[in-house]
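Q: Input: one structure, supplied below.
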Amino acid sequence: MTEAIQTYLKTVKHLCPQADSNSLSFLESGLTITTLADKHFYIQANITQKNVGFVFSGLLRAFYIDDNGNEITIRFVKENDFATNYVSFISQKPSRYYFQCIEPCEIVNISYQHMQEAFSKFPALEKYGRLIAEEILKSQQQRIESFLFENAEQRYLNFVKQHPDLHNRVSLSYLSTYLGIERPSLSRIRKKIAHQ
């Protein structure tokens, strides 16, 4: 068993202690590994996603291309997180987003078919699937509310607080589109905070 698969199974067990060795062995039997260089795509827009990816190492960004051809970052996916457009994965409809590696990545893949089989055979794994869906929903809700109730500086400060390991790993351009702040304004905010 590779270190990546071992790490993934440990996170399943941690989140869902009821998962026994039978359920974990079954889950393991359908896992595969993808290794990608930076700039490579894990998920392409307009294509149905066959796998959900657990990021063992590396960093990706999810983005869409707006009507003016601008890439708008909607999410960063780091170690121990899932590279997926979950709604499109669960409904098996084409994703609207690209997931591109910012750093070289090693990703554990769980296919849609294997996941559904695991859920139907093992109630503990079905619970695990529900917990993951809840985490994704919480994070999406936080993002929506940050645009509704926070100003640009608060959004940046919250990002740094919630992802202290990330703000130095992503470019200013990616971060500015993610936060919905023009790049010069984001530079000003960063300078202001650095001098406080």
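Derivation of every value follows stated rules applied to the coordinates shown; laboratory data play no part. These figures come from a predicted structure and were not determined experimentally. We place every Cβ from the backbone using ideal geometry, glycine too, and count neighbours over all the protein chains shown.
Q: Can you give me the angle between helix 123-149 and the longest principal axis of the chain, using Cα atoms only, in degrees from 0 to 90, rounded to the nearest 10?
A: Relative to the chain, helix 123-149 is tipped by roughly 10 degrees.
Q: Still on this model: Expressed as a whole number of Å, what is the distance separating the alpha-carbon centroids of segment 178-196 and segment 81-118?
A: 32 Å
Q: Then there's this: State, as an integer percentage, the relative contact order of the chain based on alpha-carbon contacts under 8 Å between residues 6 or more apart.
A: Numbers: 293 pairs, mean separation 47.2, N = 196.
So the answer I get is 24 percent.
Q: Putting +1 on Lys and Arg Cβ atoms and -1 on Asp and Glu Cβ atoms, find which of ILE102, SER185, VAL160 reaches farthest to the positive end of the dipole of segment 77-196.
A: So the residue furthest toward the plus end is SER185.
Q: Among the lysines in segment 57-181, how many pairs, 8 or more places apart or on different chains, have alpha carbons under 25 Å apart?
A: Lysine pairs satisfying the spacing and distance rule in segment 57-181 number 9.
Q: With a point put 7 Å past each Cα toward its Cβ, work out how far THR7 is from ALA152 in nm, to one decimal.
A: Reported label-point gap for THR7 and ALA152 is 3.6 nm.
Q: Now for a different question. Could you work out the helix-only [θ] at 222 nm for the chain, with each DSSP H run of four or more residues adding -39,500 (n - 2.57) and the total divided by the number of residues, to the nearest 500 deg cm²/dmol?
A: -15000 deg cm²/dmol
Q: Next question. Using a cut-off of under 18 Å, list every residue of segment 39-70 whose amide N is near the label point 7 Å from the Cα of ASN168 along the Cα-to-beta-carbon line.
A: Label zone hits: 58-59.
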